[in-house]
Amino acid sequence: MNFSKSDSDIDVLTKIYEKWENEISLDKNELRLLYEIDGKIQGFGYERDTRIEEILNSKNERDKKKDLAFIFGCKEDQISFTEEDALYGDIIYHWGDLDLEGVVSFNGDLPRYIRGDLFLTYLNELNANLPKYVFGYLTLSSITYLNSNLPKYVGGNLDLRSLKSYEKDLPKYVGGDLNLRSLKSYEKDLPKYVGGNLDLGSLKSYEKNLPKYVGGNLDLGSLTSLDTSLPEYIGGGLNLSSLTSLYQELPEHVNGNLNLSNLTLLRGSLPKHVEGYFYLSSLTSLDTSLPEYVGGVLDLRSLILLYGNLPEYVGDYIFLNQNLFKENMALFIEKFGKDKLNLH
């Protein structure tokens with residue numbers, strides 16, 4: 001969380017609320033923050049600040065069309081509140097969702113800003129500019145090739161599951177899941193922030209920058225070499241199942257499964273805590289300690305030489321090589337009991 005932004009947002013929102021209570025006009029910058037034009041208002045907790053909706057939807061409801069026209073310096077008829085108006089053309093800002101699920105080809109103009117979701121689920125051809133900003137979800141799940149610029153900001157999920165190649169910039173911020181499961185190569189930086197899962201399951205190689213923050217699972221299951229640093233924070237599991245060598249440091253804490261099932265060379269330390277399953281099934285020698293905590297299965301079926309420490313806790317089965325077990329039989333049985341041991 002960016003605490004300096006939180007401080008700033010809350011301070012300005014407090015001033016806005018006081019002005020609203022005293023029926024004092026808001027300036028353009030205050031309105032931009034209130035309407036979250038440049039991104040969601042960031043507070044200190046997980047709950048949305050109730051003052052935002054109180055101001056926007058009170059009994060003395062604001063004239064949103066007038067406010068938004070003032071913010072963007074446009075005419076009021078360039079602000080839309082219905083889907084019919086949103087597709088009329090030359091719309092700057094649309095308040096609400098835009099559901100075009102039944103459309104397979106689109107040649108019209110979309111609003112530049114959408115405060116809501118944009119569903120283009122079955123679209124396979126797009127000859128129009130996408131919005132610069134989508135406050136909610138953006139679904140383009142049938143598109144395989146895309147020439148249009150994607151928004152700079154997507155507040156919810158961004159579904160591009162069928163996209164095979166893309167030569168332009170991805171959004172800098174995706175607040176929910178980012179599904180790019182069919183993308184095999186990409187030569188630009190990925191978003192700096194992904195609030196949910198990031199699916200790059202078909203990506204074969206990548207040399208640019210991964211996000212600094214991934215709030216959910218990170219799937220890099222087809223990556224055969226890792227030539228960049230992993231995110232500073234991964235809130236879920238990490239799939240590196242095709243990687244045979246790893247020189248980068250792994251996060252200290254993995255909040256889901258950690259899949260290193262094809263790894264045969266490891267230089268660096270393993271996490272201290274793996275919340276889910278830990279697959280290390282191809283490694284034959286390990287000169288560093290295993291995680292202190294593994295919440296699920298621990299797969300060490302090929303490991304013959306272990307120089308570091310064993311975990312303090314494993315929640316499920318431990319798959320062990322028979323030779324390793326024979327050399328350390330008493331230790332394994334004392335630490336984990338016979339029932340958890342599965343020999344290979």
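Remark: pairs (first residue in the range 266-285, closer than 9 Å to R301 by Cα and modelled with pLDDT of 95 or more; second residue assigned to a strand (DSSP E or B) and not acidic (D, E); Cβ separation under 6 Å; 6+ apart in sequence or on different chains) = L280/L300.
Yes or no: the range 106-122 includes at least one residue that is polar (S, T, N, Q), more than 30 Å from D7 (Cα to Cα) and touching a strand residue (DSSP E or B) at 6+ places or on another chain (Cβ under 7 Å). Checked the range 106-122: at least one residue is polar (S, T, N, Q), more than 30 Å from D7 (Cα to Cα) and touching a strand residue (DSSP E or B) at 6+ places or on another chain (Cβ under 7 Å). Restricting the range 182-200 to residues that are crowded, with 19+ Cβ neighbours inside 10 Å and in contact (Cβ under 8 Å) with a residue 24 or more places away in the chain leaves a set whose member that is farthest from L243 (Cα to Cα) is G196. Could you grab me the full set of residues in the range 161-199 that are of a type in the set (S, T, N, Q) and out of contact with any strand residue (DSSP E or B) (no Cβ under 6 Å at 6 or more places or on another chain)? Within the range 161-199, S162, S165, S182, S185, N197 meet the criteria.
Filtering V174, V134, V154 for residues that are touching a residue at least 12 places away in the same chain (Cβ under 8 Å), more than 24 Å from L220 (Cβ to Cβ) and among the β-branched types (V, I, T) leaves a single hit, V134. Within the range 181-219, how many residues are part of a loop (DSSP other than H, G, I, E, B), touching a Pro at 6+ places or on another chain (Cβ under 7 Å) and closer than 26 Å to Y277 by Cα? Number of matching residues: 3.
Only a single item in (1) without any contact (Cβ under 8 Å) to a residue 24 or more places away in the chain; (2) buried (at least 19 other Cβ atoms within 10 Å of the Cβ); (3) under 17 Å from F319 (Cα atoms) is not met by L243, and it is number (3).
Checking each residue in the range 293-334 for being modelled with pLDDT under 90, crowded, with 16+ Cβ neighbours inside 10 Å and not aliphatic (A, V, I, L, M) picks out F325, F332.
In this structure, S289 does not satisfy being at pLDDT 95 or above and part of a loop (DSSP other than H, G, I, E, B). Between L146, L118, L138, L110, the distinction of being of a type in the set (A, V, I, L, M) and surrounded by fewer than 21 Cβ atoms within 10 Å (Cβ to Cβ) belongs to L146 only.
So for the range 21-32 (the condition being hydroxyl-bearing (S, T, Y), out of contact with any His (no Cβ under 9 Å at 6 or more places or on another chain) and part of a loop (DSSP other than H, G, I, E, B)), does at least one residue qualify? Looking for residues that are hydroxyl-bearing (S, T, Y), out of contact with any His (no Cβ under 9 Å at 6 or more places or on another chain) and part of a loop (DSSP other than H, G, I, E, B), one finds at least one in the range 21-32, hence yes. Taking the criterion of being of a type in the set (D, E, K, R) and either in a strand (DSSP E or B) or closer than 21 Å to D90 by Cβ (or both), the residues of the range 127-176 that qualify are K132, K152, D159.
Does L203 satisfy being under 30 Å from V104 (Cα atoms), touching an Asp or Glu at 6+ places or on another chain (Cβ under 8 Å) and not assigned by TED's automatic domain parsing to the domain that holds H273? Criteria not met by L203. Within the set L170, L226, L183, L146, the sole residue that is modelled with pLDDT under 95 and within 24 Å of V103 (Cα to Cα) turns out to be L146.
Kindly establish whether Y88 is farther than 15 Å from F135 by Cα and either small (G, A, S) or free of Cβ contacts under 8 Å to residues at least 12 places away in the same chain (or both). Against the criterion (farther than 15 Å from F135 by Cα and either small (G, A, S) or free of Cβ contacts under 8 Å to residues at least 12 places away in the same chain (or both)), Y88 qualifies.
The values are calculated or read from the model by the stated rules, or taken from the named source; none is laboratory data. Being a predicted model, the structure only gives us computed values, none of them experimental. Every residue, glycine as well, gets a Cβ built from its backbone with ideal geometry; the counts of neighbours run over all protein chains shown.
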